[in-house]
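Down below is the structure, laid out as structure tokens.
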Protein chains: 2
Amino acid sequence: MAGVTLKTVAKAVGVSPSTVSNAYNKPDQLSTALRERILATARELGYAGPDASARALRSGKAGAVGVLFTDKLAYAFSDPYAVGFLAGLAEVAEEFATSLLLMPLSSTDIAGGSNAVQQAAIDAAAIFCVPGGHPALDILANRGIPAVSTDRGDHPDLSWVAIDEVEAAAQLGEHLARLGHRDVVVLVDNAEAAGGRPVELTLDEVGYTDCELRIRGLQKTMPDARLRIVSGGHNAFASGVRGAEYVLDSQDRPTAIVGLSDVQALGAMEAMKVRGLTPGRDLTLAGFDDIPAAEAAGLTTVRQPIKDKGRAVGRILLDPSTTERQLLMPTQLIVRSSSGPAPKR
Amino acid sequence: MAGVTLKTVAKAVGVSPSTVSNAYNKPDQLSTALRERILATARELGYAGPDASARALRSGKAGAVGVLFTDKLAYAFSDPYAVGFLAGLAEVAEEFATSLLLMPLSSTDIAGGSNAVQQAAIDAAAIFCVPGGHPALDILANRGIPAVSTDRGDHPDLSWVAIDEVEAAAQLGEHLARLGHRDVVVLVDNAEAAGGRPVELTLDEVGYTDCELRIRGLQKTMPDARLRIVSGGHNAFASGVRGAEYVLDSQDRPTAIVGLSDVQALGAMEAMKVRGLTPGRDLTLAGFDDIPAAEAAGLTTVRQPIKDKGRAVGRILLDPSTTERQLLMPTQLIVRSSSGPAPKR
DNA sequence: TCGTTTTTCTAGAACGATTTAGAAGAACGA
DNA sequence: TCGTTCTTCTAAATCGTTCTAGAAAAACGA
């Protein structure tokens, strides 16, 4: 039962291994009669078809693209934004009969070599919201694996599908400025706050390039405003709750809170409601992404075409007819009930 | 630059390939000095570490578990229930430094051999809501890949992590019966309706084992009720909308609609609202799964510990200390505002 | 000092396929 | 009839590792 290989089948049929291989991969290289005899014998012997690893080794194609996420893989699924990206990517992958390999980006032994990025059998990689200097990116580069990032990197030859973070945030900033807000707290993703205690950060400490750029965008159109940066942990609903709690329970409440993702902003909304505060009246709230829940909650946000982003990444990775290697996707400010005029002092 | 292999490094350092291999995989098999010299030279030469495919071939371990979904992969991400499962599975996978390989289950050439299930380099597989007789399952079995399903299969030696579908549905049925409902429409996932036109089915035509079992469960505690089975397409919000539209716009309205998943039930809720109908008053609505959105929408539903289900599947697949191969997870009826007494005739 | 164990390293055979170049025979055209 | 072209199949090399068994050297115990 076990240990049936190409050779076994070849011997049983009385042909060379090459012919059996051809029966599977190049049907027009042998007569139909023989091919059928081979496949029949294979079935009889319980041969499951060419071994995946062996084929990958010899042919140099793994038939899978890797997907890299920030932080914990389990986390990624808690943000509908990330899920939307995956859905778009999966759509294209499916079209090209390619699998998606989700790689945990655990910190363990990233240098030593026993991590998934090092070990994964992939032909290409999609990099989702992984900060620029991350060691995993070096590993990929070193392995010579073509990659597309969702952030514009520094290298001019890196492929990416991104939005104009600064411009997108500037649009939101303009909206807020026009409403009279001059005291804003920005909720960001931060590893150090993941312990549970919210932290207040300087722009330099923020880390993730896209977060930094968004804050710069806000500054651009809100030059007179005081912008504070707060984190309640990783990018998740609970972090938004914690970050907002910290801000709302302090003596020094802002007039507006901007979550750098909708999940965080929705967490903040929850914290407001618990305190009897109405978004848009008592305090303005805005997010980024425009996930489905944002609409239901009436959250003002900056929409990104996330599924298209996933599709575009997939095309660059898999579709040879796609030549564009750097793509800027459009964004749109969606004003809903969670934003309103700043209260007069 | 290209073509740097173990051998290249070995030659450069002046040792045997085995030793270089050991430098990466068995650090205690050689002196620290030599190991460092090897790693340094490797870095210098631009060697990216042992090739994934070659390693997989020789050692027989791919370092990845496959995940099989019903229908389109992109679909899977539209159901928070499926996403929750993935999150749980990912958590365990991460712990064991294993990647998750999402395989498209496209119908193309499933027999011929050019499909993902056939080609994937995986050590094990998680099977999520794939109906019993699906050819992909045979392929896995044929390849000798250990698999765990989220449905109890027919084979006694198959591993699974599931719920008692009949009992869970029976619980819901009892609730509905007690409220006086005797005319119920069940919304199911169905491929034939995916074209756009809703269809009405008999129990035999339902297909997916778990759907069938749930309907049987309802019948069990609602023996006097008329149960009709309707599908608006695949398991998705839009299908729920379509299915409900078909039912609501007919002459023969039921007093209750049961979605066999929350996303479908929520779609039905949308259709009701558009028609000015209030769930729980004008018509009772219930679902399955208890996804986060169900709570927000006030949907009565049967809760499944979906993330735990994912975790349990992961443990069976990856954790050698887990001996239990068949696991029944608890369910719980969650009554919310969408269910109410049947209107008197 | 002489076995004996331990450490450190190596040779060579797998692992299971695909690929390249080419042989043998059939079919073809003139 | 003979040279040419197709079709059908094969031998042998190769992909880049890891594994098994064992050799050489070093360390050890008495």
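The values are calculated or read from the model by the stated rules, or taken from the named source; none is laboratory data. Remember, predicted model here, so these are calculated numbers, not experimental data. All Cβ positions, glycine included, derive from the backbone under ideal geometry; neighbour counts span all protein chains shown.
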Those residues of segment A:200-231 which are β-branched (Val, Ile, Thr) and either surrounded by fewer than 22 Cβ atoms within 10 Å (Cβ to Cβ) or out of contact with any Phe, Trp or Tyr (no Cβ under 8 Å at 6 or more places or on another chain) (or both), in sequence order
A:202, A:206, A:209, A:215, A:221, A:229
State whether one or more residues within segment B:20-35 are farther than 18 Å from residue A:96 by Cα and within 7 Å of chain A (Cβ to nearest Cβ).
yes
Positions within segment B:224-256 being hydrophobic (A, V, I, L, M, F, W, C) and more than 18 Å from residue B:210 (Cα to Cα), in sequence order
B:225, B:237, B:238, B:241, B:244, B:247, B:248, B:256
Among the helices (runs of 4 or more DSSP H) lying completely within segment A:45-105, list those that include at least 1 residues that are under 22 Å from residue A:115 (Cα atoms) and within 16 Å of DNA strand C (Cβ to nearest atom).
A:52-59
What pairs can you find where one residue is in segment A:39-50 and within 8 Å of chain B (Cβ to nearest Cβ), the other is in a helix (DSSP H, G or I) and more than 14 Å from DNA strand D (Cβ to nearest atom), and their Cβ atoms are less than 6 Å apart, with a gap of 6+ or different chains?
A:48/B:142; A:48/B:143; A:49/B:118
If I ask for residues that are part of a loop (DSSP other than H, G, I, E, B) and within 19 Å of residue B:229 (Cα to Cα), which ones from segment B:256-296 would you list?
B:260, B:261
Hey, any hits in segment B:102-114 for a residue that's acidic (Asp, Glu) and either at the interface with chain A (Cβ under 9 Å from one of its Cβ atoms) or closer than 27 Å to residue A:93 by Cβ (or both)?
yes
Within segment B:241-266, considering residues that are of a type in the set (Gly, Ala, Ser) and over 23 Å from residue B:174 (Cα atoms), the one surrounded by the fewest Cβ atoms within 10 Å (Cβ to Cβ)
B:250
Residue A:90 facing chain B (nearest Cβ under 8 Å) and surrounded by fewer than 22 Cβ atoms within 10 Å (Cβ to Cβ)
no
Which ones in segment B:59-82 are without any contact (Cβ under 8 Å) to a residue 24 or more places away in the chain and out of contact with any Leu (no Cβ under 9 Å at 6 or more places or on another chain)?
B:59, B:60
Within segment B:184-199, work out how many residues are surrounded by fewer than 19 Cβ atoms within 10 Å (Cβ to Cβ) and within 14 Å of residue B:259 (Cα to Cα).
0
Odd one out for residue A:64 among (1) within 7 Å of chain B (Cβ to nearest Cβ); (2) of a type outside the set (Asp, Glu); (3) touching a helix residue (DSSP H, G or I) at 6+ places or on another chain (Cβ under 8 Å):
(3)
Hits in segment A:148-161 - residues which are more than 10 Å from residue A:325 (Cα to Cα) and of a type outside the set (Asp, Glu)
A:149, A:150, A:152, A:153, A:155, A:156
Those residues of segment B:297-326 that are more than 16 Å from the chain's Cα centre (by Cα) and either part of a strand (DSSP E or B) or free of Cβ contacts under 8 Å to residues at least 60 places away in the same chain (or both) come to a total of 12
Output the residue which, of all residues in segment B:127-142 that are in contact (Cβ under 8 Å) with a residue 12 or more places away in the chain and more than 21 Å from residue B:235 (Cα to Cα), is surrounded by the fewest Cβ atoms within 10 Å (Cβ to Cβ).
B:139
With respect to residue A:36, determine if the residue is away from DNA strand C (no atom under 16 Å from the Cβ) and over 30 Å from residue A:208 (Cβ atoms).
yes
Subset of segment A:20-51, residues out of contact with any Phe, Trp or Tyr (no Cβ under 6 Å at 6 or more places or on another chain), within 13 Å of DNA strand D (Cβ to nearest atom), closer than 18 Å to residue B:120 by Cα and not polar (S, T, N, Q), comes to A:24, A:51
Provide a single number: the residues in segment B:177-197 that are within 26 Å of the chain's Cα centre (by Cα) and at pLDDT 95 or above.
4
Looking at segment A:1-19, which of its residues are part of a helix (DSSP H, G or I) and either within 12 Å of chain B (Cβ to nearest Cβ) or within 7 Å of DNA strand D (Cβ to nearest atom) (or both)?
A:17, A:18, A:19
Can you find, within segment B:1-29, the residue that is farthest from residue B:58 (Cα to Cα) among those that are within 7 Å of DNA strand C (Cβ to nearest atom) and over 45 Å from the mean Cα position of the chain (by Cα)?
B:14
Would you confirm, using the coordinates I've provided, whether residue B:278 is polar (S, T, N, Q) and touching a helix residue (DSSP H, G or I) at 6+ places or on another chain (Cβ under 7 Å)?
no
Please specify each residue of segment A:267-299 satisfying the condition of being small (Gly, Ala, Ser), buried (at least 24 other Cβ atoms within 10 Å of the Cβ) and within 14 Å of chain B (Cβ to nearest Cβ).
A:267, A:294
Restricted to segment B:68-86, and to residues that are touching a helix residue (DSSP H, G or I) at 6+ places or on another chain (Cβ under 7 Å) and under 26 Å from residue B:144 (Cα atoms), which residue is modelled with the lowest pLDDT?
B:72
